[in-house]
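Trainee: Take a look at this one; I'll ask things after.
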Amino acid sequence: MTRAAVLLIFLLILLSGLFASFCFSSSFVVNRTGDCAEQQVAPVLESQNTIWVPDNYSKIQAALDAASAGDTIMVRAGTYRENLRVNQSVRLIGEGLPTISGESLGMFGTPTVDILKENVTVCGFVIQHHSSILNEYDYGVVPYWQCNVSGNLIRGNVEGITGGTWCNYNVIADNIIQDNGVGLRVGGVWNNITNNIIRDNWDGTEFHNSHTLINNTIFNNTQFGLQLSIWNSTLRNNTMISNGYNFIMRESLLPLQIDDIDTSNTVNGKPIYYWINQSDKTVPSDAGYIAIINSTNITVDSLSLEHNGQGILISYSSNIAVKNCNLADNWWGVRLKYSSNVTLHHNNFVNNFYQYETIGLHSWDDGYPSGGNYWSNYNGADTFSGAYQNETGSDGIADQLFSIVDEEFRFNNSDRYPLMAPVSIFDVGEWNGTQCKVHVVSNSTVSNFQLNTTEQTIRFNVTGEAGLGFSRVTIPSPITQTLWQNNWTVLVDNQPPIEIRNWTDTGNTYIYFIYEFSEHQVMIIPEFLSTTILLSTLLLAPFILIIHKKQSSKRKTTTGNSR
């Protein structure tokens, strides 16, 4: 496309926006579903007659056919089994929340309210289909141009409100949209979507092109909550709760990802961080969704990012570190698009529909013995250890790498040291000026983690059902040096584990040990203290045995006397 063509398209869009702002001043607000009393619609057209249904016409469609541009059609409470074609610029207002119940007509179905003219208002209705089987076009409401669809309850349709490329400059406000296949699907441009409740649909919403979304509540939709394929859009105070995947940006190209989305938008009570053109920052710990776009030197650390389209979206960015995060139950765990020098390690990728999508060459582990990530869909064996996984003995790292396929098949990515179990991260504060975390990779349930500086111990509980359990504990060097002068031992219920081995590097000590499953307390303690505990156990054992025998003898004597 030539520069002249691009400039022409831009000018046409700009002029259409100016035209809309001049011609379209429909800005009334519905306070609640069905309340249309104080609404003001513009433009005010020449005819302003009021037609009542069923007083003047028994059917709403008959009133529409008789109306002129600018008329108001008032519909009293009741159920009207009709499929409406609105072919005049009128106000269609319900009194007492009447029901318009459409039928699935023809091979592909028919909308309940099909708006074919600009400057139409539809307010104060229940809009639904009553057919038991719905077809492709059994929509609730289809807006057109400069229309206002507000204050309605829209339910039981293939799509509640839907509009394609012709759906421009509309106000869609204060509706309850529920129990549809898709609640709200909008194409076109510059639609104002405000104060809607979108719930209990298969998909909540889907938006294309450029729109404004303010104060919408989107919850309990089976699959996606808020789907965006948009550009130059503004999102404020939108709340997404308990959707299968709360929020997703579907676009891949940079110009189509430039939107104004601030932290007033939340997923499951946590803010969305949609960062564009940022640098040298760490994502705050309260994040619920993260997009990093056209940015550099960003760190994502110790976050739980769940039930979104992407746990993390990284696009057109460089020097990004993602570590110690739980990325679970997302459509994509992480999505890397056209970025460079992204490092990902010690993250849990758990039950994402797609664990990753990537273009480019990135680093998916932290080397050996530190390790890589946990992948819930990887069932590797752990028989060997070492940097080449050719030394006898397990180490909590899989023997084979986890292959990561580049979307364009240009790069050979892999996690060379995938973890054999999820990693739990415990923040243990600052040591010698360094903020430290202890990692526990375990096929057991880990609980009650404690680091006690007075007792010089690390303790935690492990629980499992049957077989052998393992834990792989990573302890920063400042801790091992300060607590134990690098001389430590591991006890499982005050006994040595079945098997133990360890490794060190410049920053950490790595301890791997095995035990039989049930519930145990693990202690990592100074080496001299472990000797004391074991000697005490050995010394006390004879006394305990003598006491036990005496008590048994007394019980036998008592039993004999009773006879």
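Trainee: Looking only at the range 162-185, which residues have a backbone nitrogen under 20 Å from a spot 7 Å from the Cα of Ala69 in the C-beta direction?
Mentor: 166-171
Trainee: What is the sum of charges around His307, taking Lys and Arg as +1, Asp and Glu as -1, for the other residues whose C-beta is under 12 Å from the C-beta of His307? Working shown, then result.
Mentor: Details: positive: Lys270; negative: Glu306, Asp329.
Spelling it out: positives minus negatives among the neighbours equals -1.
Trainee: Could you work out the local net charge near Trp202, counting Lys and Arg as +1, Asp and Glu as -1, over the other residues with Cβ closer than 12 Å to its Cβ? Walk me through the numbers before you get to the answer.
Mentor: Working: positive: Arg185, Arg199; negative: Glu159, Asp179, Asp200, Asp203, Glu206.
Net local charge, Trp202 excluded: -3.
Trainee: Also, quick follow-up: I want the local charge near Tyr139. Using Cβ-Cβ distances under 11 Å, sum +1 for each Lys or Arg and -1 for each Asp or Glu among the other residues. Don't jump to the answer; show the numbers that get you there.
Mentor: Working: positive: Arg185; negative: Asp114, Glu136, Asp138, Glu159.
Surrounding charge for Tyr139 is -3.
Trainee: Quick one: of the DSSP bridges fully inside the chain, what percent are antiparallel, nearest 5? Spell out each step's value before the answer.
Mentor: Details: 53 of 171 bridges.
Bridges in the chain are about 30 percent antiparallel.
Trainee: Then there is this: To make sure I understand, if each residue's beta carbon is the centre and we count other beta carbons within 10 Å, what order do His208, His129 fall in, fewest to most?
Mentor: On the way: His208 22, His129 26.
Starting with the residue having the fewest Cβ neighbours, the order is His208, His129.
Trainee: Can you compute the helix-only [θ] at 222 nm over the chain? Use -39500 (n - 2.57) per DSSP H run of at least 4 residues, normalise by all residues, nearest 500 deg cm²/dmol. Intermediate values should be presented prior to the final figure.
Mentor: Working: 4 runs with 72 residues, N = 563.
That calculation yields -4500 deg cm²/dmol at 222 nm.
Trainee: Neighbour counts of other C-beta atoms within 10 Å: give me Cys436, Cys147, Cys123 arranged from fewest to most. Walk me through the numbers before you get to the answer.
Mentor: Details: Cys436 19, Cys147 29, Cys123 25.
Exposure proxy ranking, most exposed first: Cys436, Cys123, Cys147.
Trainee: Lysine pairs in the chain 8 or more apart or on different chains: how many have alpha carbons under 27 angstrom apart?
Mentor: Within the chain, the lysine pair count is 10.
Trainee: Rule-of-thumb check for the range 26-169: C-alpha Rg over 2.2 N^0.38 Å?
Mentor: 0.96
Trainee: Give me Thr457, Thr474, Thr112 sorted ascending by neighbouring Cβ count inside 10 Å, so fewest comes first. Mind showing how you got there, number by number?
Mentor: Working: Thr457 18, Thr474 23, Thr112 27.
Starting with the residue having the fewest Cβ neighbours, the order is Thr457, Thr474, Thr112.
Trainee: Note the listed values (1) 40.0; (2) 28.0; (3) 60.0, then indicate which one is mean projected area of the Cα convex hull in nm² calculated from this particular structure.
Mentor: (1)
No value in this document is a laboratory result; all are computed from the given coordinates. The model shown is predicted, which means the values in this text are computed figures rather than measured ones. Virtual Cβ from ideal backbone geometry, glycine too; neighbours counted across all protein chains shown.
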